[in-house]
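What follows is a short report on a single structure.
The values are calculated or read from the model by the stated rules, or taken from the named source; none is laboratory data. Model, not experiment: these values are computed from the prediction. FYI the Cβ positions are ideal-geometry reconstructions off the backbone, even for glycines, and counts take in every protein chain you see.
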Amino acid sequence: MKGRLFVISAPSGAGKTTLLKRVMAELPGLAFSVSHTTRQPRPGEKDGIDYHFISHDGFRRMIAAGEFLEFAEVHDNFYGTNRQSVMAQAKGGSDVILDIDVQGAEIIRNERIISAAHIFIAPPGLEELERRLRGRGTEDDSTVTLRMKNAEQEMTAASEYQYLMVNDDLGSAVNTLKSIIIAERAAAHRHPDGRGIELGLHL
Ligand code: ADP
Ligand code: 5GP
């Protein structure tokens, strides 16, 4: 495997998607892992680009076939990362962005993939988080309430991550995330052709 994995989590509404789109447009060599989900598409979301939108039956079949590197139930929907497509992206030399929740990140952490870096993006505060979630206008009231309730739980997992950053000013957050990725690319202990292979810890 040539590319690294960047596992990125945040409470819903923290601005992760906005940040990732900016960073991916500005930094070459990054590929986005398109997850499978049973959630309904939001207006503007495209199948195969934002997610692979599938039925519950389809999702169950993929679980049974062992096709997921990780999967989890998040906010009453299922989400999963396809093992084969991540491997193909990384083998092709791209660094792969996994936009996954705290449960999925824990599964990846337990796999002990040496070339994976874990980044948690926090909002400036819960009030601002709710403002952003409502401001996005894509969720109804009960979904916002559920996502806010889950946010408090997700924030407690932040200390498990190697990098913590706050998305307050968007421009500064873009710079911080880019800097983390650039530094990780130079980190000798995570070098794809380095010690990881010798230790047999590679994917
Ligand atoms: P997530 O992917 O984490 O659920 P989004 O990227 O969809 O969040 O962002 C949620 C809302 O917050 C969007 O309307 C987005 O435009 C807005 N937003 C994102 N980052 C910031 C920021 N730094 N300051 C203010 N608003 C932001
Ligand atoms: P949303 O519905 O807002 O797109 O995403 C909800 C949550 O699901 C976010 O925390 C997002 O990171 C997470 N998520 C998206 N894809 C995956 C995945 O493949 N696996 C896991 N575990 N979580 C995912």
Open item on the list: Looking at (1) under 27 Å from GLU160 (Cα atoms); (2) modelled with pLDDT under 95; (3) within 16 Å of ligand 1 (Cβ to nearest atom), which one does ARG42 not meet, given that it meets all the others?
Closed with: (1)
Open item on the list: If a residue counts only when it is in contact with a His (Cβ under 8 Å, 6 or more places away or on another chain), which helices (runs of 4 or more DSSP H) contained entirely in region 19-121 have at least 2 such residues?
Closed with: 56-64, 102-110
Open item on the list: Out of the residues in region 164-182 meeting the condition of being touching an Asp or Glu at 6+ places or on another chain (Cβ under 9 Å) and of a type outside the set (Val, Ile, Thr), tell me which one is farthest from ligand 1 (Cβ to nearest atom).
Closed with: LYS178
- [ ] Please list, ordered by first then second residue, the pairs with beta carbon atoms under 9 Å, 6 or more apart or interchain, first in region 14-27 and closer than 15 Å to ILE119 by Cα and within 15 Å of ligand 2 (Cβ to nearest atom), second of a type in the set (Ser, Thr, Tyr) and not in a helix (DSSP H, G or I).
- [x] LYS16/SER9
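Return the only residue of ASP76, ASP99 being within 16 Å of ligand 1 (Cβ to nearest atom) and modelled with pLDDT of 95 or more.
Values: ASP76 fails: modelled with pLDDT of 95 or more.
ASP99 is the lone residue from the list that is within 16 Å of ligand 1 (Cβ to nearest atom) and modelled with pLDDT of 95 or more.
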Task: Residue ID - nearest to ARG134 (Cα to Cα), chosen from residues in region 1-44 that are surrounded by 14 or more Cβ atoms within 10 Å (Cβ to Cβ) and charged (D, E, K, R) - done: LYS16
Task: The one condition in (1) touching a strand residue (DSSP E or B) at 6+ places or on another chain (Cβ under 6 Å); (2) surrounded by fewer than 16 Cβ atoms within 10 Å (Cβ to Cβ); (3) touching a residue at least 24 places away in the same chain (Cβ under 8 Å) that ARG83 fails to fulfil - done: (3)
TODO: Could you please find all residues in region 57-80 being loosely packed, with under 13 Cβ neighbours inside 10 Å and near ligand 2 (Cβ under 9 Å from one of its atoms)?
DONE: GLU73
- [ ] Select from region 91-107 the residues that are of a type outside the set (S, T, N, Q), more than 9 Å from ligand 2 (Cβ to nearest atom) and in contact with a Leu (Cβ under 7 Å, 6 or more places away or on another chain) and list them in ascending order.
- [x] ASP95, VAL96, ILE97
Task: Search result, residues across region 122-159 that are of a type in the set (A, V, I, L, M, F, W, C), part of a helix (DSSP H, G or I) and farther than 15 Å from THR18 by Cα - done: LEU126, VAL144, LEU146, MET148, ALA151, MET155, ALA158
